[in-house]
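So the structure is just underneath, and the comments pick up after that.
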Amino acid sequence: MPPIDENPTFEPKSPAPEARRPKTPPAEGAASPNLVSLTLDAATGRIVKIEGIDATGARRELPEDKRTRLARTEAGATLQGIVEQAFEAGIAYVLGDRAGEEEPPESDDDAELSRMMLQSLIKHSAAERLMQREILARAIVGTLIDQAAGFNAAAPEKTATH
């Protein structure tokens, strides 16, 4: 029940504009950082909104061309690519390939063939579940939260020995 002194209203209160801006403005002449804000649905990992943040801290919806530029990644620099690389490393380990040995670069055709064979192996394994969009999205959110909270910086790295 609202306090007696307040006029009850059913209108949602709008957030104060100051709440979305940094408390101290950046120094004069400071370069505008390349900051991006993602609004995520923590339960599903779905990105709800992508905003750019300017030097004053104001947020603006990113235009399509900037979102496209952000989405470009190096080959294998996605979580799906990392899972594929880990799967491939596991296969190489079982087959006795030595880690760290330099291999000659593959041609584009060979790389595509390797990728298709790897995807076929993943599809017929328990790793297939890990490649589902929903699983990857939740893993991304969990990793982002973990990184933002500083948990990884505080925990010593553990290496498995076999």
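Is it the case that segment 93-107 has a residue that's β-branched (Val, Ile, Thr) and either closer than 30 Å to Ala148 by Cβ or touching a Lys or Arg at 6+ places or on another chain (Cβ under 9 Å) (or both)? Looking through segment 93-107, none of the residues is β-branched (Val, Ile, Thr) and either closer than 30 Å to Ala148 by Cβ or touching a Lys or Arg at 6+ places or on another chain (Cβ under 9 Å) (or both).
The number of residues in segment 79-103 being part of a loop (DSSP other than H, G, I, E, B) and modelled with pLDDT of 85 or more comes to 1.
The values are calculated or read from the model by the stated rules, or taken from the named source; none is laboratory data. The structure presented is a predicted model; accordingly, all values stated were derived computationally and were not measured. Positions of Cβ are backbone-derived with ideal geometry, glycine not excepted, and every protein chain shown enters the neighbour counts.
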